[in-house]
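See below for the structure under consideration.
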Amino acid sequence: MTVMVTAMIKTRTDAATTRAPRPEEPAGSAAPRRARPWVEKAALGAVLLLGAAGAAGCSGARSDGAAATGEGLRTERRIADAMYAVLASDRAIYTREVVDRLQNHDKVMNASEHFREEKLLPLPAQMLRMSAEEIRKRHRDLAVALLSPWPINRQNAAHTDVEKAGLEAVAKNPDQPFTGEETLGKSRYFTAVYADRAVSEACVSCHNKHDESPRHDFKLGDVLGGIVIRVAVGT
């Protein structure tokens, strides 16, 4: 299963050492391009299918999980929530049914940040970033970044005020996404931060055993960081 999520800049696919995507200014325009009407419908439809299968400055930041005021922002919040639902479901299934099963249970193939060179499985974080890159080629008004207060790659730390506040908020209250607005370049974004949890032993092992990890005491279910989803205002 491949989830189509966006990244704002081209990243390396070396797993934990992959750079975090960052928004970039759309060429030749001071305002974000308006998305096609089917973007939201497609994302919401994917959520329904998964459910049926069982599966820089800021303003208005909040961590109560409610959409910000205004009809436009309500639409952008629905898009962000739908993207996260699809992304989280896809990542959990890949981690559980592919990485955990083949690496930890059947013991036939491992996951590695150097999966191409070693002919192994990509890590779950790499799957997210590769999907993000692929969608970024098609939709310039959406973005996803995987960030952490304890990044293995220091470039995957929070940089904007909304990112910093969001990571702090979801670490304290993982069940509530943090939302806000921010201006990056010449574009205005609705930004939502969702808790990124250790959904399997593969996640825990990767972070705890990596030499460059600043933290080595993660447990199953712990918050590893946050999935940051940006939607251009007016989408």
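The values are calculated or read from the model by the stated rules, or taken from the named source; none is laboratory data. It should be emphasised that the depicted structure is a prediction, and the values quoted were computed from it without experimental measurement. Backbone-built Cβ (ideal geometry, glycine too); neighbour counts: all protein chains shown.
Values computed for the structure shown
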{"quantity": "In the stretch 121-154, the residues that are farther than 26 Å from D217 by Cβ and among the hydrophobic types (A, V, I, L, M, F, W, C)", "calculated": "M130, A132, I135, L142, A143, V144"}
{"quantity": "Residue within the stretch 118-141 that is among the basic types (K, R) and buried (at least 23 other Cβ atoms within 10 Å of the Cβ) present", "calculated": "yes"}
{"quantity": "Output for the stretch 175-202, where each listed residue is basic (K, R) and closer than 23 Å to L102 by Cβ", "calculated": "R197"}
{"quantity": "All positions within the stretch 203-233 that are among the β-branched types (V, I, T), touching a strand residue (DSSP E or B) at 6+ places or on another chain (Cβ under 6 Å) and either under 20 Å from D100 (Cα atoms) or not in a strand (DSSP E or B) (or both)", "calculated": "V223, V233"}
{"quantity": "Hey, F178 of a type in the set (F, W, Y), at pLDDT 90 or above and either out of contact with any Phe, Trp or Tyr (no Cβ under 9 Å at 6 or more places or on another chain) or on the phi > 0 side of the Ramachandran plot (or both) or not", "calculated": "no"}
{"quantity": "Qualifying positions in the stretch 101-133 - in contact with a Leu (Cβ under 9 Å, 6 or more places away or on another chain) and part of a loop (DSSP other than H, G, I, E, B)", "calculated": "V108, M109, N110, S112, E113, H114"}
{"quantity": "Test: residue in the stretch 54-62 that is on the phi < 0 side of the Ramachandran plot, at pLDDT 55 or above and out of contact with any helix residue (DSSP H, G or I) (no Cβ under 8 Å at 6 or more places or on another chain)", "calculated": "yes"}
{"quantity": "The one condition in (1) surrounded by 23 or more Cβ atoms within 10 Å (Cβ to Cβ); (2) assigned to a strand (DSSP E or B) that R188 fails to fulfil", "calculated": "(1)"}
{"quantity": "Scan of the stretch 142-183 for residues that are buried (at least 22 other Cβ atoms within 10 Å of the Cβ) and assigned to a strand (DSSP E or B), ordered by number", "calculated": "L142, A143, V144, A145, L146, L147, F178, T179, G180, E182"}
{"quantity": "Subset of the stretch 206-219 (residues that are surrounded by fewer than 16 Cβ atoms within 10 Å (Cβ to Cβ), farther than 14 Å from R154 by Cα and at pLDDT below 80)", "calculated": "N208"}
